[in-house]
Amino acid sequence: MPISSRYNTVMDKTKASKEYLQGIPELLILRLLQSREMYGYEIVQSIKLETRGAIEFREGVIYPLLHSLHSKRLLAIRRAKVRGRERVYYRLTKAGLKRLNSKVADWNMVVDAVRGVLHGESAGDAHAAP
């Protein structure tokens, strides 16, 4: 049975339980790259810094995701030599921005649903008799 929100958006439960927890690194990467281009290790460090250490992903999670997002044309790359080594900088494409906006909307729907349950504001309350 699908999970729906007050925004009339429907989300499959499998998607909610699997993709959302696994989708956190993608969401954070896309959001960070919305502001400016960054290289891989910089993204890893920025996630840790921006979440005040609450979320930390190792390079083994971030780099494969960057490659995947690039192959889907959600990110563009620029290569540059830095101290004799090649560094790959990533930036958001228009398709990446569209994906980010969709992910943010989905994430906000999940957060609102969980917040409602935690604060006792279940969907059943709206149908309760006065």
Once normalised by the length of segment 11-110, the mean sequence separation of its alpha carbon contacts under 8 Å that are 6 or more apart gives a contact order in percent of 30 percent
Determine, for ARG91, ARG78, the number of other Cβ atoms within 10 Å of each Cβ, and report the residues in order from fewest to most.
ARG78, ARG91
Under the rule of at least 5 residues apart or a separate chain, name every residue whose amide H is placed under 5 Å from the amide H of ARG87.
ALA80, LYS81, VAL82
Restricting things to alpha carbons, tell me how big segment 11-110 is in terms of Rg and Dmax, in Å.
13.8, 48
State to the nearest 20 debye the size of the charge dipole of segment 54-110 about its Cα centre, where the only charges are +1 on K and R beta carbons and -1 on D and E beta carbons.
440 debye
Charge-dipole axis of segment 57-123 as Lys and Arg at +1 and Asp and Glu at -1 on Cβ define it, positive-most pick from ASN101, LEU75, GLY120:
LEU75
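Can you list the equivalent-ellipsoid semi-axes of segment 41-85, largest first and in whole Å, using the square root of 5 times each Cα gyration tensor eigenvalue? Before the final figure, lay out the partial values.
Numbers: eigenvalues 86, 50, 17 Å².
Whole-Å semi-axes of the equivalent ellipsoid: 21, 16, 9.
Taken together, the values in this text are just the output of simple stated rules run on the coordinates, not laboratory data. Everything numeric here is computed off the predicted structure, so don't read it as measured data. Glycine gets a Cβ as well: all are built from the backbone with ideal geometry, and neighbour counts include every protein chain shown.
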